[in-house]
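Everything on this sheet refers to the single structure shown next.
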Amino acid sequence: MSHLLKNKNLKELAKIYDWVSMCTHCGNCKYGYEYGPTANFAAMLCVQGDKFNFDSYRGSRGKVSLARSLLHNRIGWSDKVAHVLFTCTSCGACQQMCETDIKPWILRMFETLRYEAWKQNVAIPENIKAWSSTIGTLYNPYKEPHEKRLDWLPSDLRYSMPSKAEYIYFAGCTASYRRKQLARATVSLLQKLKVDFTVVEDEWCCASPLLRTGQYDLAAKFVEHNKALPEKYGASAFITTCSGCYRTLGRDYTMDAPEGYADKYGKMTGVKVLHTTHLLEEMLKKGEIEFTGSFNKKVTYHDPCHLGRHAEVYETPRNVLKAVPGLQLVEMYRNRKFSFCCGAGGGVRGGFADYSLETAGKRVKEAEATGAELVTSACPFCYTNLADAIELNKSPLKMEDIVEIIEPIVRRK
Amino acid sequence: MARGNNEILANLEQIVGPEYVSNEEADLQPYTWDMTWAEPRMPDYVVMPKTVTEIQRVVRLANHRKIPVIPYCNGTNIGGLCVPEEGGIIMDLKKMDRILKIDPETCYAVIEPGVSHAAFSAALKATNPQWKGEEFSKGFEFGWGVHPPSASVLAMAINHGIGHLNGRIGINSQLMSSMEVVLPTGEVAKIGSCAYSDSWHSFLPLPRMDGLFTGWLGTTGIVTKLGVWIFPIRPYKDVLTIAAASAEDITKYMVRWRHYSLCDEVTAVSWWLAQIPIVFPYSPKPADAPEFFSYTVISGWSEEELAYKRKMWKEVVEKERAKGTKLYDFEYPPEAKKGRTELPSRIVGSTKNYSKSCGGGIAWPGTFAPCKSWPILYEKWKEIYIRHGLSPATRFTDYQGAHYGMLRCMTPFNKRDPASVQAARDAMVECVRAGLPEGMLPYKPPVEYQNELNAVADAGYLYLMAKIKDMLDPNNIMNPGKLGIR
Ligand SMILES: Cc1cc2nc3c(=O)[nH]c(=O)nc-3n(C[C@H](O)[C@H](O)[C@H](O)COP(=O)(O)OP(=O)(O)OC[C@H]3O[C@@H](n4cnc5c(N)ncnc54)[C@H](O)[C@@H]3O)c2cc1C
Ligand code: SF4
Ligand code: SF4
């Protein structure tokens, strides 16, 4: 019988077959849709399907079907299988559309499939292999020396950071090595707001790139290491500007499967994880922030998948933006849970740069159509991809992170 | 791992471009199965044409090489109808997704096969009925089913799809108004008013050649454009509900209510189907629970119109009660009401009802049956289902005017358990066999139902069917094996 679990070698995948087999093959996940009282929403949301067309690439159905085909021993591993698996950005749009019992397991299943792929002789994207080969010693996927991790921090600050603080600002690899201005702006913002925080020399990659690409074994020591930081620095919370770090610290470190990886790495307890926009929203609510200037621009907000769909934080960044004097917020057609990914996630930016930038280009066009002058987001990784696509497409749009918009025009009341 | 042959692959690549064809098993595997019990079968190629010319060229190649071609949009037909019985080319039509025209004055639209219910409903809602620039009301609708919104409107309509306006205006194949089709031998034909001008409003008064491509399950040609009638959205809606002690009681009520042609839809579901998720495996219903629950959707242009319809409905209920028909009041929860009026629906179309209790299998004996057969067949089906350990999760829906309606039994089963699959298939085939003498006919029939149909069909009917099929498709390349005659 065709649906029997025959391939027992795929142990990780077999473990979740109870959930995988709940997919009815209905195809809801292939296209975005919602009924509305005056207008219905309908749009392609799957980045991968939009590019590679076939049902294998469209939404979770293609990958569930692949998982089953492998478990049923009806197809074998091939480079094409790897391509299907590694061109998904883990954006989670398909998960939003699914209403059956596989729903919470969809992203975990993608990662499990990738985990299994590493053990086969198939074409894992070279670039992913390259950063994976050094991340274990450099503690970042950018192949940069760990010693330079805090180079973004002006030296006067670097050596005056407190050894104990309420918050650890977890800058993350992208801001630390590639978007240094964003890390600097965050530190300046936190200082202006008189937040009791520190930045730590021994921050390692949060393990997001490892978990998203199914490298469970390699991820273990990263989770273990970072989990110990709060105690070491007397902190009760992590604060992140990176949505990927937020998702990983806040969910993978702290939640049971399928939302997190507590089943593999244990649970981080007693530590809060906040995104910068949470802190800003909270302080705005309490009346602790005073605006010293305005931002007179029409702005559209791009939901980072890791903050939005993965963690369901949609309104917080919007509330912060709406509080900025002069800022006019306009929405793209695809927003919130039906947002369209920037194209960078799930290892795709590293693995398939052209496709990743092509996706970002689509998002930039959508942002342009709103008439906005500036696109903002709440993630340095989205920033990188969108900013590159803006440049590549000679778009008139500007890109700034929410932190960069806010930092110059606030002070603590 | 690749399938097929490299020469054919190269030919297909020349026709549609390399990124729109694949013979890699990793790409082919989602097309090997659907929700039903259909045994997975691998196609050899998948192609995604973007134009009618590309379809013609693929079909000509297939004819020359005698390779099956399976038209495919979303594969949600609940009949294994896109599972390639003999391998061949899956022709995935999703890239042909243009809404070519919405005529808000003549009230029709022209769509390509890849237009989903999601996209079509959004476009129709954004178009207002009007005449010479004067707008009458807000938005259009079509007969929306309760399937995944990603499913194709065209594939639904040409296979006698069922939508939320069936009570008022008939099933969706009755709403088709013109079509363009690529014949299995590669020629293109227009059928209906579009054969004479660019007006796609009607098949009538011409000979009904659209019948050659309607209900044929993709075995006679590839429909590349379809004209469909669209309807102004009525701003006032309500859902009225009543329960009944038996199939007999609910049928009496439904037939009397339908007599007045006042509702958009009237449907009844058995106790087992009213449970979320559907009860699987079978367990008895509580003795004091009604056997059937019914809803009817009424719509109108004013509150007065709705009030009149409510009054008439109450009279029907009272008249039936006075005769001794056992009808009980019950209220639909607001969420359920929404599910009936806010279509197409991401939630209702999601198969959510099925998956909790089982391993992803869904099928049903979906049939068109004369209303008077409903209570008779319900009792027979119930016995068959319970014998196979399945819940008789049955639905009756009337189609426009009490002539006939849907009789189907929604069936979850566990695909991981061969015995469960076997039980579901056996029960459903037995139901079909039991229903045929009562006038019941399965729609979008899986091969197993088709065989049952053919076994009792009029010989002349089968002869004509085979003759038409041979005439149109001399090499039997179009979705072979599905009709059970070739
Ligand atoms: C939960 C659920 C509920 C459903 N409820 C309903 C309902 O309420 N009403 C209803 O009508 N259906 C219903 N269905 C069935 C199905 O979803 C619809 O009929 C749907 O519109 C089929 O679209 P598709 O894109 O999946 O077609 P497919 O499955 O891809 O194709 C269906 C058939 O049409 C043929 N075909 C496809 N395109 C063409 C073409 N261009 N030319 C010729 N032949 C072609 C195929 O070969 C196949 O035989 C339901 C399905 C599910 C899963
Ligand atoms: S996670 Fe995003 S890219 Fe991946 S299959 Fe789902 S919708 Fe497509
Ligand atoms: S993953 Fe969910 S939405 Fe997609 S086909 Fe499976 S059950 Fe349907």
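The values are calculated or read from the model by the stated rules, or taken from the named source; none is laboratory data. Keep in mind it's a predicted model, so treat the numbers as computed, not measured. Positions of Cβ are generated from backbone atoms using ideal geometry, with glycine treated the same way; all protein chains shown enter the neighbour counts. What goes into the accessible areas is simple: the full protein's heavy atoms, side chains included, and nothing from ligands, DNA or RNA. Shrake-Rupley method; radii C 1.70, N 1.55, O 1.52, S 1.80 Å.
Of note:
- Failed condition for B:Ser121, given (1) within 16 Å of ligand 3 (Cβ to nearest atom); (2) open to solvent by less than 10 Å² (accessible area, probe 1.4 Å): (1)
- Criterion violated by B:Ile67 - all others in (1) more than 26 Å from B:Ile191 (Cα to Cα); (2) open to solvent by 20 Å² or more (accessible area, probe 1.4 Å); (3) not assigned by TED's automatic domain parsing to the domain that holds B:Val223 satisfied: (2)
- Selected residue (only one of B:Pro71, B:Pro43, B:Pro30 is under 16 Å from the mean Cα position of the chain (by Cα) and on the phi < 0 side of the Ramachandran plot): B:Pro71
- Counted as qualifying within region A:275-378 are the strands (runs of 3 or more DSSP E) with 1 or more residues that are open to solvent by 30 Å² or more (accessible area, probe 1.4 Å), namely A:289-291, A:298-301, A:328-330.
- Residue in region B:452-468 that is touching a Pro at 6+ places or on another chain (Cβ under 7 Å) and surrounded by 23 or more Cβ atoms within 10 Å (Cβ to Cβ) present: no
- Test result for A:Asn7, at pLDDT 95 or above, open to solvent by less than 30 Å² (accessible area, probe 1.4 Å) and either more than 8 Å from chain B (Cβ to nearest Cβ) or more than 19 Å from B:Thr351 (Cα to Cα) (or both): no
- Residue match in region B:78-95 (condition: modelled with pLDDT under 95 and out of contact with any Ser or Thr (no Cβ under 8 Å at 6 or more places or on another chain)): no
- Restricting attention to region A:39-53, the residues that are under 26 Å from B:Ile233 (Cβ atoms) and either within 14 Å of ligand 3 (Cβ to nearest atom) or modelled with pLDDT under 95 (or both) total 1.
- Taken as a whole, the condition of being of a type outside the set (Val, Ile, Thr) and outside the structural domain of A:Cys173 (by TED's automatic domain parsing) does not apply to A:Leu229.
- Of all residues making up region B:146-155, the number that are more than 16 Å from ligand 3 (Cβ to nearest atom) and within 13 Å of chain A (Cβ to nearest Cβ): 2
Results for (1) farther than 24 Å from B:Lys95 by Cβ; (2) touching a strand residue (DSSP E or B) at 6+ places or on another chain (Cβ under 6 Å), shown as yes or no for each residue.
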{"position": "B:Glu141", "(1), (2)": "yes, yes"}
{"position": "B:Trp144", "(1), (2)": "no, no"}
{"position": "B:Ala155", "(1), (2)": "no, no"}
{"position": "B:Gly167", "(1), (2)": "yes, yes"}
{"position": "B:Asn172", "(1), (2)": "no, no"}
{"position": "B:Glu187", "(1), (2)": "no, no"}
{"position": "B:Lys190", "(1), (2)": "no, yes"}
{"position": "B:Pro205", "(1), (2)": "yes, no"}
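For every residue, the table says whether it meets (1) at pLDDT 95 or above; (2) surrounded by 19 or more Cβ atoms within 10 Å (Cβ to Cβ); (3) within 17 Å of B:Gly114 (Cα to Cα).
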{"site": "B:Gly17", "(1), (2), (3)": "yes, no, no"}
{"site": "B:Tyr20", "(1), (2), (3)": "yes, yes, yes"}
{"site": "B:Glu25", "(1), (2), (3)": "yes, yes, no"}
{"site": "B:Thr32", "(1), (2), (3)": "yes, yes, no"}
{"site": "B:Asp44", "(1), (2), (3)": "yes, yes, no"}
{"site": "B:Met48", "(1), (2), (3)": "yes, yes, yes"}
{"site": "B:Glu54", "(1), (2), (3)": "yes, yes, yes"}
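- Of B:Lys94, B:Lys101, B:Lys138, all but one fail to be open to solvent by 20 Å² or more (accessible area, probe 1.4 Å) and without any contact (Cβ under 8 Å) to a residue 60 or more places away in the chain; the exception is B:Lys94.
- Considering residues of region A:260-282 that are free of Cβ contacts under 8 Å to residues at least 12 places away in the same chain and touching an Asp or Glu at 6+ places or on another chain (Cβ under 7 Å) only, the residue nearest to A:Thr248 (Cα to Cα): A:Gly260
- Among all positions in region A:119-137, there is no residue which is open to solvent by 30 Å² or more (accessible area, probe 1.4 Å), free of Cβ contacts under 8 Å to residues at least 12 places away in the same chain and within 16 Å of ligand 1 (Cβ to nearest atom).
- Qualifying residue in region A:54-69 (condition: modelled with pLDDT of 95 or more, on the phi > 0 side of the Ramachandran plot and within 13 Å of ligand 2 (Cβ to nearest atom)): yes
- Counting only helices (runs of 4 or more DSSP H) that sit completely within region B:109-217, those holding 3 or more residues that are modelled with pLDDT of 95 or more and more than 12 Å from ligand 1 (Cβ to nearest atom) correspond to B:117-125.
- Qualifying residue in region B:372-385 (condition: within 28 Å of the chain's Cα centre (by Cα) and outside any helix (DSSP H, G or I)): yes
- Residue in region A:159-177 that is closer than 26 Å to A:Gly250 by Cβ, in the same structural domain as A:Val195 (by TED's automatic domain parsing), among the charged types (D, E, K, R) and open to solvent by 10 Å² or more (accessible area, probe 1.4 Å) present: yes
- Elements of type strands (runs of 3 or more DSSP E) in region B:394-449, at least 2 residues being within 14 Å of chain A (Cβ to nearest Cβ): B:411-414
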